[in-house]
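One structure is given below, encoded as structure tokens.
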């Protein structure tokens, strides 16, 4: 474990707050926002930060556009799905991170405010994510950014969504292709019973109790690839930058996905970030070394986009 990661975990333990699974839903969501507000670096100033909206089945789904440039030529667009177990995250919990990704990648980022469990359990959240990706691909006038390809990116539950949406768009393509997928410490296979869950069950940001809480609230079908995408068809997996954290209870789930990508001859880069926990991308103020890790991820994305163009 890195010294700055250890210092953050010690500080977190000293706060002695109640675990997420013992909070009310409202308090759990507020706690997650507060954690990222405290631990992440400030948001970047960008030329464009604008809220958008799309409609799915008569329901408005919020989006937020981030771009370091006021205008740009047609090119790839990052579609970002936030983490939080499909339960507690939102546009605000990942706002600072999205500004950083937009600045470092020099690409537009459109974050998706999908509906959350338990109010909207599986498969509603991931279906919202798929619908948003299709809408972004087909509505350049609404976003002001003409996409030549989609970069599906997300952390944790959002990493799950990035893989699932990629599989759905492989089966029924959107108006533009998936140029790249970037699942960050994703839940790709069932983590229950994995060695990493046993090794890092408590004291490493994400806990076994929180995983079980999210699992019960979301209620994914364990036989459905939309819940556990390692079960899906990987023959047409898009180019991928897959990222795991070495001290993450769902690390082995990401490793499972790396294995099936390799077995199917996929074009991918696999980065396991050593010495950090789940959510390191949102801890870049509290764990300063994590900024360089995010920069490595963006560099890998840039290389993959250049070589697959």
Could you identify which residue out of 93, 240, 148 has the top mean-square fluctuation in a GNM of the chain using Cα springs shorter than 10 Å? 148
Nearest 10, in degrees from 0 to 90: the angle of helix 157-171 to the longest Cα principal axis of the chain is 30 degrees
Rounded to the nearest 5, the percent of DSSP beta bridges in the stretch 3-308 running antiparallel is 35 percent
Extending each Cα 7 Å along its Cβ direction at residue 171 and residue 296, get the distance between those two points in nm, one decimal. 3.5 nm
Which of the peptides 158-170, 258-270, 129-141 is most tightly packed, and how do the rest follow, judged by the mean count of other Cβ atoms within 10 Å per residue? 158-170, 129-141, 258-270
Which of rounded, prolate, oblate describes the stretch 51-164, given a ≥ b ≥ c as roots of the alpha-carbon gyration tensor eigenvalues and a/c under 1.5 marking rounded, otherwise prolate only if a/b is larger than b/c? prolate
Given the Cα-Cα distance of residue 26 and residue 212 and 0.36 nm per residue of separation, how much length would full extension add, in nm? 65.2 nm
Two-site FRET efficiency, residue 224 against residue 48, from Cβ-Cβ distance with R₀ of 41 Å, rounded to 0.05: 0.65
In percent, what relative contact order does the chain have, based on Cα pairs under 8 Å that are 6 or more apart in sequence? 20 percent
Exposure-ranked with fewest Cβ neighbours within 10 Å first, 194, 156 stand as 194, 156
I'd like the FRET efficiency for residue 57 and residue 192, computed as 1/(1 + (r/R0)^6) with the beta carbon distance as r and R0 of 30 Å, rounded to 0.05. 0.40
In degrees from 0 to 90, rounded to the nearest 10, what is the angle of the helix 124-138 Cα long axis to the longest principal axis of the chain? 30 degrees
Could you line up 231, 294 from fewest to most neighbouring Cβ atoms inside 10 Å? 231, 294
With each run of n ≥ 4 DSSP H residues scored as -39500 (n - 2.57), what mean residue ellipticity at 222 nm is computed for the chain after dividing by its residue count and rounding to the nearest 500 deg cm²/dmol? -12000 deg cm²/dmol
So how do 28-35, 55-62 stack up, highest first, on mean other-Cβ count within 10 Å? 28-35, 55-62
Would you mind calculating the gained length between residue 303 and residue 7 on full extension (0.36 nm times residue separation, minus the Cα-Cα distance), in nm to one decimal? 103.2 nm
Helix 290-308 sits off the longest principal axis of the Cα atoms of the chain, rounded to the nearest 10 on a 0 to 90 degree scale, by 30 degrees
If a paramagnetic tag sat 7 Å from the Cα of residue 15 along the Cα-Cβ line, which residues of the stretch 59-97 would have the backbone N under 20 Å from that point? 83-97
Please state the shape class of the stretch 164-309: rounded when a/c is under 1.5, otherwise prolate if a/b exceeds b/c and oblate if not, all from the C-alpha gyration tensor. oblate
Under a Gaussian network model of the chain whose springs join Cα atoms within less than 10 Å, the largest fluctuation of 171, 291, 181 belongs to 171
Please report, largest first and rounded to whole Å, the three semi-axes of the ellipsoid equivalent to the stretch 5-63, where each semi-axis is the square root of five times an eigenvalue of the C-alpha gyration tensor. 31, 20, 7
Exposure proxy check on 86, 218: fewest-to-most Cβ neighbours within 10 Å is 218, 86
Which residue fluctuates the most in the chain, going by a Gaussian network model with Cα springs under 10 Å, if the choices are 105, 43, 14? 14
What ranking do 111-117, 64-70, 78-84 get when scored by the average of other Cβ atoms within 10 Å per residue, highest first? 78-84, 111-117, 64-70
Rounded to 0.05, the calculated FRET efficiency for the beta carbons of residue 34 and residue 235 at R₀ = 51 Å is 0.75
Let me understand the stretch 114-189 better: what is its radius of gyration from the alpha carbons, and its Dmax, in angstrom? 12.3, 37
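Rule-based calculations on the coordinates, nothing more; no lab input. All figures in this text were calculated on a predicted structure; none of them were measured in a lab. In this analysis, Cβ positions are derived from the backbone assuming ideal geometry, glycine residues included, and neighbour counts consider all displayed protein chains.
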